[in-house]
C-alpha cells in the first residue's frame, strides 16, 4: 500500500500482529476516518512455514504431521483431507470400520473446533463466561482423543489407507456419555449467548456477506452457509460414507437483521454442533468390526498422476492438489486453505464499519493463522 | 451437469485451435490452453449458462523442473467448479521458466487476486493487469521464489539466520554428540 495515498483527516491504524482479538499473528492496516473504517489491508504470512516445500522433501505419510500442524484446532479434519486425496490417487478403498471411525473423530473435532471458535468469539465481544463453558466441553473431547491416539492436539491419526490406532475399549460408552453431557450445554449456550440481546446487537447487521460475493471469493464452510447457500461437501459430494447418515445442513436465515451477518455465521456453527452430535450417535450405533490397518500400504508410492481432493473441515473446503511423479515423495502439494479465501473477503465486508465492529467481523469468519499462512 | 468431454467439446467449438492438449482419462480431466486465450475462456466458462463455473476452487503454480520425460516449464493450474451444475474442470497454462507472465483472472473470480499473489510470491509468475501484485506470504524484500525447484535458501535474512538448525540426524552423522547420554561412562 502506498503511503502517499493518505491525506487530510485520514488515520492509519495498525491492528496486530500481536492483538488479542486476531486469533494469531495477523496484521490489519486500517485506514479510518474517525471511527469509520474506509479501507482494510490484511498483511499475512507471519506464520508462514512453507508447508508446500516441506511436503516435497518428505515421503507421503511424512506429510501428515505437517498437515496436522496447519489447522491445529482441527487436525483430524486436515489429515483426513490429505489421506483421502492420496487414497484417491492410489485407488485405495478403506473398509467400513475405518470410514466410520473417521466420521466419529472428524465430527468430534468439528465440535471441538466450533466450541473454540464460539468461545473465543464471545470473549472478543466481551462475554467471558461462555468461553469457560466451551473450553470445559472441548477438554472432554481432547481427553477422548488423547485416550485414542496419545495426542491432544496434533494427532497423526488418519493414515493413508487406515488409522494409526483402533478405538480403545470402552470408547463408545465414553463418547455416548460425552454427547449426553454435551447436548444440554448447547441449549445453555443459546440461552446465555446466542439469543442474548447485547450479543445480537453487536453481531447482527455487522459484516454482511452477500451470496454473490461469497461465491466470487470462493468462501466456503459455515461462512458460506451463513449467507444462505445450502452447500456442504458432506451432503453434496459425500466422502467417508456421509451419504448414509441422516443430518441437516444448517444455513443462515437472517433472523436478526440482514442475511449473512456475523450472527448468522455464528449461529450456523452452533447448529452444526447439533448436527455433528447426530452424526456421531449414528456412527457409534453402527460401528462395524474390522482391522483399521487392513489397507495401509507397506510403501506409499502412488502412480504418476495428479489429484485434487477436497473435504469439509470446520472452516470450509480444504483442498489438496497433489502431483505424483511416481516416486516416494510428492512432486508438488498445494493446499487450498478455506481461511485464506475467508480472510480475502474481509476488506470487502468491513468497509464502512466501525473500528470496534472489525473485531466482531474477524471473529465471525473464524480464521486460524496456521492454516492461512501454511 | 456436463461431463468433462462435453465441456471440452464446447470449448473446442467456441475457441478452435486454442486448446493445445487435453487428457480426459485421468482422475481430474484437464485441458492445456493457450495463454493468450485464457482470460477470454475464463469469462466464457463463467458466463455461459450451460457451464456456469461460479467458483475457482484453486489456482496453483507448478514448477516442472528435473522431472523425467517432462519439458521444463512453469504451469498454472485452475481448478474450476460449478455449484449450480455440479461439474468440475481443470484448465492448465504452460509458461516458460524464464519470466513467466500471464493475464490475470481477478475480474472473473475475485479470489484469484490472492491466489495470483501467492503464485507470484512462490514462483515469480507475473500476472498482467493484476491490481495489487505484491508478495503475500513472504516479506516484501524476500529474494527468490521459494517453491521453484532450483531455489536456494539464503544464509541470512536481515542479519538473522534463515536456515533451519542442524537436525540431530545430521549431527550424529557428522560424529557430533547429540543431546545428553545417560549411559555414557564418566
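What follows draws every value from the coordinates through simple rules; no lab data is involved. Please read these numbers as outputs of a predicted model, since none were measured by experiment. Reconstructed Cβ throughout: ideal geometry from the backbone, glycine too, with neighbour counts over all protein chains shown.
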TODO: Take the Cβ-Cβ distance between residue B:73 and residue B:23 as r, set R0 to 22 Å, and report the resulting FRET efficiency rounded to the nearest 0.05.
DONE: 0.85
Task: Debye intensity ratio I(q)/I(0), log10, the range A:175-297, q values 0.14, 0.22 Å⁻¹ (C-alpha model) - done: -0.72, -1.23
Task: Helix A:129-149 vs. chain A, principal-axis angle (Cα, 0 to 90°, nearest 10) - done: 20
Open item on the list: Let's test the formula: R0 of 30 Å, r as the Cβ-Cβ distance of residue A:35 and residue A:135. What FRET efficiency results, to the nearest 0.05?
Closed with: 0.40
Open item on the list: What does the structure give for B:114-120 when I average, per residue, the other chain Cβ atoms found within 10 Å of the residue Cβ?
Closed with: 3
TODO: Just tell me how shielded A:304-310 is by partners: mean number of partner chain Cβ atoms within 10 Å of each residue's Cβ, no decimals.
DONE: 5
Task: Volume of the Cα convex hull of the range A:1-128, divided per residue and given in Å³ - done: 149
- [ ] Decide, for the range A:36-84, between rounded, prolate and oblate: order the square roots of the alpha carbon gyration tensor eigenvalues as a ≥ b ≥ c, take rounded if a/c falls under 1.5, and otherwise choose prolate if a/b is larger than b/c, else oblate.
- [x] prolate
Open item on the list: Quick check: residue separation of residue B:149 and residue B:107 times 0.36 nm, minus the Cα distance between them. What number comes out in nm?
Closed with: 12.1 nm
Open item on the list: Using only the alpha-carbon atoms, how far is helix A:355-365 inclined from the longest principal axis of chain A? Give it as 0 to 90 degrees, nearest 10.
Closed with: 20
Open item on the list: Averaged across B:98-111, how many Cβ atoms of other chains sit within 10 Å of each residue's Cβ atom?
Closed with: 2
TODO: Place the peptides A:163-173, B:17-27 in order of packing, highest mean first, counting for every residue the other Cβ atoms within 10 Å and averaging per peptide.
DONE: A:163-173, B:17-27
TODO: Starting from the Cα of residue A:244, step 7 Å toward the Cβ, then list every residue of the range A:96-128 with an amide N under 18 Å from that point.
DONE: A:96-107
- [ ] In nm, give the distance between the simple-model label positions of residue B:1 and residue A:294, each being 7 Å from the Cα along the Cα-to-Cβ direction.
- [x] 2.8
TODO: May I ask you to derive the FRET efficiency for residue B:83 and residue A:253 from their Cβ-Cβ distance with R0 = 22 Å, giving the value to the nearest 0.05?
DONE: 0.65
TODO: Using only the Cα atoms of chain B, build the gyration tensor, take square roots of its eigenvalues as a ≥ b ≥ c, and label the shape rounded, prolate or oblate: rounded if a/c is under 1.5, else prolate if a/b is larger than b/c, else oblate.
DONE: prolate
Open item on the list: Using the basic label-point model (7 angstrom from Cα toward the beta carbon), what is the residue A:180 to residue B:142 distance in nanometres?
Closed with: 5.2
TODO: Going by C-beta contacts inside 10 Å, put A:128, A:267, A:239 in order with the fewest on the left.
DONE: A:128, A:239, A:267
Open item on the list: Full-extension gain between residue A:197 and residue A:146, please, as 0.36 nm times their residue separation minus the C-alpha to C-alpha distance.
Closed with: 14.6 nm
TODO: State the Kirkwood hydrodynamic radius of the protein assembly as shown in Å, one decimal place, computed from all pairs of distinct Cα atoms.
DONE: 24.8
Task: Nearest 10 degrees, 0 to 90: helix B:4-14 Cα axis against chain B principal axis - done: 60
TODO: Report the extension gain between residue A:49 and residue A:354 in nm, rounded to one decimal, defined as 0.36 nm multiplied by the number of residues separating them, less their alpha carbon distance.
DONE: 106.5 nm
Task: Sorted by Cβ density within 10 Å, fewest first, the residues A:182, B:15 - done: B:15, A:182
TODO: Would you kindly work out the equivalent ellipsoid of the range A:129-204 from its C-alpha gyration tensor and give its semi-axes, the square roots of five times the eigenvalues, largest first in whole Å?
DONE: 32, 15, 10
